[in-house]
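Engineer: Dumping the structure here so I can ask a few things about it.
The values are calculated or read from the model by the stated rules, or taken from the named source; none is laboratory data. What you see is a predicted model, and the numbers here were worked out from it, not measured in a lab. For neighbour counting, all protein chains shown are included, and Cβ atoms are generated from backbone atoms with ideal geometry for every residue, glycine included. When the accessible area is computed, the model is the full protein with side chains, heavy atoms only, and any ligands, DNA or RNA have been set aside. Shrake-Rupley method; radii C 1.70, N 1.55, O 1.52, S 1.80 Å.
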Amino acid sequence: MKFLLKYSGANPIAVLALVLVGLSLAAPLMGLPVSKITEIIIYTLYAAGVNMLVGYTGLVPFGASVFFGTATYMVAIFMLDGGGNEIVALVVATIASVLLALVLGLLILRRRGLYFSLLTLAASQIAFELAFSWTAVTGGENGLQDVPLSILTTPLRLHIFVLVLAVAVMWLLWRLAHAPFGRALQAVRDNEARMRCLGYDTAKLKLLAFCLCGGVVGLSGGLLALMLRGAYADSLGWEHAGDALLMTVLGGVHQFLGPLWGAIAFIMLQDRLSAIVANWWLIFAPIIMIFALGSPEGIQGLVQRFRGFQRWTLVRNGIPARPDFIEPYKPGDAHLDLTQPILTVRGLTNRFGSLYTARNIDLDVMPCQLHSFIGPNGAGKTTFFNILTGMLHPTEGHISFAGRDITKLPVHQRVRLGISRSFQIVSVFKDLTAFENVRIAVQARLHWKLRDCLTDAYRNEAANVRTWTLLAAVGLEDRAAEMCTHLSHGEQRLLEIAISLATDAKLLLLDEPLAGLAQADRQIVGTLIRRLAQAHAVLLIEHDMDRVLSLSDRITVLHQGNLIADGKPRDVANDPAVITAYLGAPKEPMVIPPHEGGPAGKPVLEVKNLSAGYAGSVILNGISFTIHEGEAIAILGRNGVGKTTTLNSLMGTVDINGGEIWLDGKNITGVKSYQINQQGISLVPEGRRLFPNLTVLENLQLAMRPGGATLDEVYELFPKLKILQKSRGSALSGGERQMVAVARALMVPSRIILLDEPFEGLAPAIVKEVMEAVVKLRSRASLVIVEHHAESVLSIVDRAIVLVNGEVAYEGTAEALAADEPLQARLLGVVHAEAA
């Protein structure tokens, strides 16, 4: 332990060499044969090969033993047949293991997660069955024995060879981890989708990592054959398939020397415990469980905890030195023909079953323009971006970029042609530094050469200079060394913009780049986007309509999958169809029966100075309101102001940073969601969220609790559901799904029902039917309705709350807000107050 404490910050290869030499010298004192230390070294290599997948790439192979065991047979057969000496046998076995990994990788890397893990285990088990049954070649149950050695003829000579070879291989792996390839693997581990959107062929990267793992593991298997002077099928069986993975976890998955500590602990414990008791696993298994629960980062993580710091040691700590002068950011000249569109979309249609997210869209994006693409929630904007970048494939239509049809191109090839994007939900590499996040994006534009395989990526000065420039452009140069997990939501949003700029794309697709930013940062990023549009084509999705109108050269509006407007900002803002899409079409007011006991009973829910957000971001900033018995209120506001976050806060599904929530005199702040539901708050979520493979009746029965509505009462409210009770959720229309979602909330005894966009995506006739049902709900519970169409709800609620940037901008009667059209336009519409 003291040794670990002293040397945990030293060069890991030096530590490895010292530990292995120390163990070799101490073996006689511990009463161990030198072959036991040789075994530790071999299994260190085995586990290190596995950790190239687990720790660096994020792939978990349950059956890497397929390479380990197969290589033992290759070396044994090669030596028994007189094919050459031990060195040649090891080279042949290593190459064969790489080729085997190539073939297996092409087959099983198409699957991820548990499926990938199980497929590797299946491959190892198939190899075991072949080795056990093919007696003529493998010796069957007895294996291959008495393998002749010509060079490494004594245990000590073999030990020295294995020690030197292991140190050399670990040095190569350490160098590789810092090379562009190793750095790219770590980014794939963190966020594969983002890597594809930077132009990396992630399938090829994972295949190379798999082959590297196969080669290192195969080499270690060959060494074991030399040590045992034989090969046996048990090294392929499922009983030992996870040994190396277990050693890696025991030592520390995210520690470069984790395989060393894990191999020492595993083999020494096995040796000592097996001498005490036959069923030594009964003692060993609890030790593993204690480590898994108490120290997820294994032995080295435990040591780091004693030292008062914890960090991953897969690569050296730190970033390149900050230059004395950081070059100011200048958008690169994309050399675009200003007379021809850079992006052309024709007849684009996309649907999921019966739901259309795009209908026959025709769109041209011109160079050197800031083209905004806006629309209400659920209009299909982000889905459109996913289609443009290849993350989704359209049902119909064609997409051309710079005169080339890209409709069927994969994501990384589109990016290499010159398309870059940011994401609506922050998409960064959370376990890398801010500097490395941007540098990995800069690296995507560099041309790798064979000599770069072992060259430290941080030695590329041009990439470093570009990275510092981009960080400074978004104001993060002082936070460059911070891990991404330590950055605030706003800083992560700025970081993602810097990542998007790194690709020097011809077309930038920016999906809500201002979301979650403070006002000062919005100004900085808005100015930066405007500068980018001078040299690039920029297609922008944004809900800050004031800034959209002031920045854009052109605006296209999408609503329910259809383009409803396209043109200059002023013309689009005054388009009646756009105003209707955002504010809702005028409707005949619905007659609401008066409440028993008056419009406002005693308070049911009190929200006091509530602040909340997601993953460190602050979406709600000190909002307060009260809901009374029998009352219905509407929470209104533009997209992205915190309406849904308010409902999620009431249900306990977001982080509450301040304030309190009281239900019937009880403080429910921080209470778990299921407990809040049991105490009387039910949610009808946006998008319905039914269980698609269950019938209508089964969806309702899952929610049924004593004191809630009966099936007969639900069917009286929604007669159509009785007819559809045996239909699966996936077969229902949007309106029918909404009816089921509302009915499901009624099956719970509720004091308050929260309805998130209950009329979204519904035909007018269905809206009327659902609205009538919502009105009837008022006799059962208080209602909170989130809706972006004010006209849809103001006639059926008592009061309205309007949010602007996470704060309450208006609270009053629904009648007063409905009568004040200029106030609606200022707080809810697309027209800025001054423009209005």
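Engineer: Using the Karplus curve 6.51 cos²θ - 1.76 cosθ + 1.60 with θ = phi - 60°, what ³J(HN,Hα) values do you get for each residue of the stretch 243-258, in whole Hz, with x for Gly and Pro?
Structural biologist: Going residue by residue, I get 4, 5, 5, 5, 4, 4, 5, 5, x, x, 4, 9, 10, 4, 8, x Hz, with x marking Gly and Pro.
Engineer: Please compute P(r) over all alpha-carbon pairs of the stretch 132-257, binned at 10 Å starting from zero, and give each bin as a whole-number percent.
Structural biologist: 10, 30, 32, 20, 8, 1
Engineer: Right, something else. In terms of the Cα gyration tensor, with a ≥ b ≥ c the square roots of its eigenvalues, is the stretch 609-720 rounded because a/c is under 1.5, prolate because a/b exceeds b/c, or oblate? Please report the intermediate quantities before stating the final value.
Structural biologist: Working: a/c = 1.95, a/b = 1.70, b/c = 1.15.
Verdict is prolate for the stretch 609-720.
Engineer: While we're looking at this one, here's another question. Taking the Cα atoms of the stretch 214-345 alone, what are Rg (to one decimal) and Dmax (as a whole number) in Å?
Structural biologist: Here Rg and the maximum Cα pair distance are 24.8, 83 Å.
Engineer: Another one. Compute the angle between helix 461-473 and the longest alpha-carbon principal axis of the chain, please, reported from 0 to 90 degrees and rounded to the nearest 10.
Structural biologist: Tilt of helix 461-473: around 20 degrees.
Engineer: Residue by residue, what Karplus-based ³J(HN,Hα) values in Hz, rounded to whole numbers, does the stretch 811-820 have, using 6.51, -1.76 and 1.60 with θ = phi - 60° and x for Gly and Pro?
Structural biologist: Rounded to whole hertz, the list is 9, x, 6, 5, 4, 5, 5, 5, 7, 9.
Engineer: Which listed residue (Leu343, Gly308, Cys368) has the Cα farthest towards the positive end of the charge dipole for the stretch 223-381, taking +1 on Lys and Arg C-beta and -1 on Asp and Glu C-beta about the Cα centre?
Structural biologist: The residue sitting farthest along the positive end of the dipole is Gly308.
Engineer: Please report the accessible area of Thr94 (heavy atoms, 1.4 Å probe, ligands and nucleic acids excluded) in Å², nearest 10.
Structural biologist: The accessible area of Thr94 comes to roughly 30 Å².
Engineer: Please compute the length gained on full extension between Leu446 and Ile326, using 0.36 nm multiplied by the number of residues separating them and subtracting their Cα-Cα distance.
Structural biologist: Details: separation 120, 0.36 × 120 = 43.20 nm, distance 2.05 nm.
Full extension from Leu446 to Ile326 adds 41.1 nm.
Engineer: What Kirkwood Rh does the stretch 664-704 have if only Cα atoms enter the pairwise 1/r average? Answer in Å. Could the numbers behind the result be given before it?
Structural biologist: Values: mean 1/r = 0.0817 Å⁻¹.
After inverting the pairwise mean of 1/r, the radius is 12.2 Å.
Engineer: When the solvent-accessible surface of protein heavy atoms is calculated with a 1.4 angstrom probe, in what order do Cys453, Cys484 fall, highest first?
Structural biologist: Reading off the accessible areas and sorting them downward yields Cys453, Cys484.
Engineer: Contact order normalised by length for the chain, with contacts defined as Cα pairs under 8 Å and 6 or more residues apart; what percent is it? Mind dumping the intermediate values first?
Structural biologist: Details: 1571 pairs, mean separation 90.5, N = 836.
Across the chain, relative contact order equals 11 percent.
Engineer: Going by Cα centres, the stretch 137-213 and the stretch 470-530 are how many Å apart?
Structural biologist: 37 Å
Engineer: Right, next: Can you show me the helix-derived [θ] at 222 nm for the chain, built from DSSP H runs with n ≥ 4 at -39,500 (n - 2.57) apiece and divided by the number of residues, rounded to the nearest 500.
Structural biologist: Working: 35 runs with 398 residues, N = 836.
It lands at -14500 deg cm²/dmol.
Engineer: Count the DSSP beta bridges whose two residues both fall in the chain, then state the antiparallel fraction as a percent rounded to the nearest 5. The partial results should precede the final answer.
Structural biologist: Values: 44 of 77 bridges.
Given both bridge residues lie in the chain, the antiparallel proportion sits at roughly 55 percent.
Engineer: Regarding the stretch 347-481, what are the three Cα extents along the principal axes, ordered largest first, in Å?
Structural biologist: 52, 34, 31
Engineer: With all protein chains present, calculate the accessible area of Leu388 using a 1.4 Å probe and round the result to the nearest 10 Å².
Structural biologist: Only protein atoms counted, so the area is about 0 Å².
Engineer: Would you list Cys197, Cys368 from the most to the least accessible area, probe 1.4 Å?
Structural biologist: Working: Cys197 5, Cys368 40 Å².
Solvent-accessible surface, decreasing: Cys368, Cys197.
Engineer: Quick one: which residues, 5 or more positions from Ile635 or on another chain, have an amide H under 5 Å from its amide H? H modelled 1.01 Å from N in the peptide plane, none for Pro or chain starts.
Structural biologist: Ile785, Val786, Glu787, Ile801
Engineer: Report the rotationally averaged projected area of the stretch 644-690 based on its alpha-carbon convex hull, in square nanometres.
Structural biologist: For the Cα atoms of the stretch 644-690, the hull's average projected area reads 3.5 nm².
Engineer: Further question on the same structure: In nm, to one decimal, how far is the Ala816 label point from the Arg110 one, both placed 7 Å along Cα→Cβ?
Structural biologist: Rounded to a tenth, the inter-label distance reads 6.4 nm.
Engineer: Considering the options Leu721, Leu236, Val797, tell which one lies farthest towards the positive end of the dipole of the chain, charges being +1 on Lys and Arg and -1 on Asp and Glu at the Cβ, about the Cα centre.
Structural biologist: So the residue furthest toward the plus end is Leu236.
Engineer: Whose amide H sits under 5 Å from the amide H of Thr357, counting only residues 5 or more places off or on another chain, with H placed in the peptide plane?
Structural biologist: Asn350, Arg351, Phe352
Engineer: Using packing as a proxy for protection, rank 58-64, 75-81, 151-157 so that the peptide with the highest average count of other Cβ atoms within 10 Å comes first.
Structural biologist: Values: 58-64: 23.9, 75-81: 21.3, 151-157: 12.6.
In descending order of packing, they fall as 58-64, 75-81, 151-157.
Engineer: Per residue, what accessible area does the chain have, given a 1.4 Å probe and all protein chains present, in Å²?
Structural biologist: On the way: 35510 Å² over 836 residues.
That works out to 42 Å² for each residue.
Engineer: Among all the lysines, which ones have a C-alpha under 23 Å from Lys206's C-alpha, if same-chain residues fewer than 8 places away are not counted?
Structural biologist: Partners within reach: Lys408, Lys430, Lys449.
Engineer: Same structure again: Rounded to a whole number, what % of the accessible area of the chain do carbon and sulfur atoms account for, probe 1.4 Å? Can you show the working numbers first?
Structural biologist: Details: 20600 of 35510 Å².
Result for the chain: 58 percent of the exposed heavy-atom area is carbon or sulfur.
Engineer: Oh, and also: Could you tell me which chymotrypsin sites (Phe, Trp or Tyr not before Pro) in the stretch 307-407 are loop residues by DSSP with no more than 12 other beta carbons within 10 angstrom of their beta carbon? It would help to have the intermediate numbers written out before the result.
Structural biologist: Values: sites: Phe309, Trp312, Phe325, Tyr329, Phe352, Tyr356, Phe373, Phe384, Phe385, Phe401; in loops: Phe309, Trp312, Phe325, Tyr329.
Listed in order of number, the matching sites are Phe309, Phe325.
Engineer: May I have the extent of the alpha carbons of the stretch 57-207 along their three principal axes, as whole Å values ordered from largest to smallest?
Structural biologist: Result, largest extent first: 53, 36, 20 Å.
Engineer: Now a separate question. Taking the Cα atoms only, what angle lies between the long axis of helix 764-777 and the longest principal axis of the chain, rounded to 10 degrees?
Structural biologist: So the inclination is approximately 90 degrees.
Engineer: If I fit a long axis through the Cα atoms of helix 34-57 and take the longest principal axis of the Cα atoms of the chain, what angle between them do I get, 0 to 90°, rounded to 10?
Structural biologist: 20 degrees
Engineer: Related question: Within the stretch 341-371, what residues put their amide N at less than 17 Å from the label point 7 Å along the Cα-to-Cβ vector of Arg728?
Structural biologist: 352-355
Engineer: Please list Glu629, Glu757 in order of solvent-accessible area, largest first, computed with a 1.4 Å probe with all protein chains present.
Structural biologist: Numbers: Glu629 65, Glu757 5 Å².
Sorted by accessible area, descending: Glu629, Glu757.
Engineer: Also, quick follow-up: Using label points projected 7 Å from each Cα along Cα→Cβ, tell me how many nm separate Asp478 and Met268, to one decimal.
Structural biologist: With each label point 7 Å from Cα toward Cβ, the separation is 4.7 nm.
Engineer: A further question follows. Shape verdict for the stretch 30-131, please, from the Cα gyration tensor: rounded (a/c under 1.5), prolate (a/b greater than b/c) or oblate.
Structural biologist: Values: a/c = 2.10, a/b = 1.34, b/c = 1.56.
Here the stretch 30-131 falls in the oblate category.
Engineer: Moving on to the next point. Glu86 accessible area, nearest 10 Å², 1.4 Å probe?
Structural biologist: Only protein atoms counted, so the area is about 0 Å².
Engineer: In the stretch 413-511, which trypsin sites (Lys or Arg not before Pro) fall in coil by DSSP and have 11 or fewer other Cβ atoms within 10 Å?
Structural biologist: Details: sites: Arg414, Arg416, Arg421, Lys430, Arg439, Arg445, Lys449, Arg451, Arg459, Arg466, Arg479, Arg493, Lys506; in loops: Lys430, Arg445, Lys449, Lys506.
Those that pass, being in a loop and sparsely packed, are Lys449.
Engineer: Can you return the lysines within cross-link range of Lys568? Criterion is Cα-Cα under 20 Å, with same-chain partners fewer than 8 residues away left out.
Structural biologist: Result set, ordered by chain and number: Lys381.
Engineer: Moving to a separate point now. Taking only C-alpha pairs under 8 Å that are 6+ residues apart, what is the relative contact order of the stretch 238-348 in percent?
Structural biologist: This gives 25 percent for the stretch 238-348.
Engineer: Starting from the Cα gyration tensor of the stretch 273-382, multiply each eigenvalue by 5, take the square root, and state the resulting semi-axes largest first in whole Å. Spell out each step's value before the answer.
Structural biologist: On the way: eigenvalues 651, 182, 32 Å².
One finds semi-axes of 57, 30, 13 Å for the stretch 273-382.
Engineer: Sticking with this one: Counting only Cα atoms, I'd like the Rg/Rh figure for the chain, Kirkwood definition for Rh. Numbers along the way, then the final one.
Structural biologist: Numbers: Rg = 31.7 Å, Rh = 30.5 Å.
Rounded to two decimals, Rg over Rh is 1.04.
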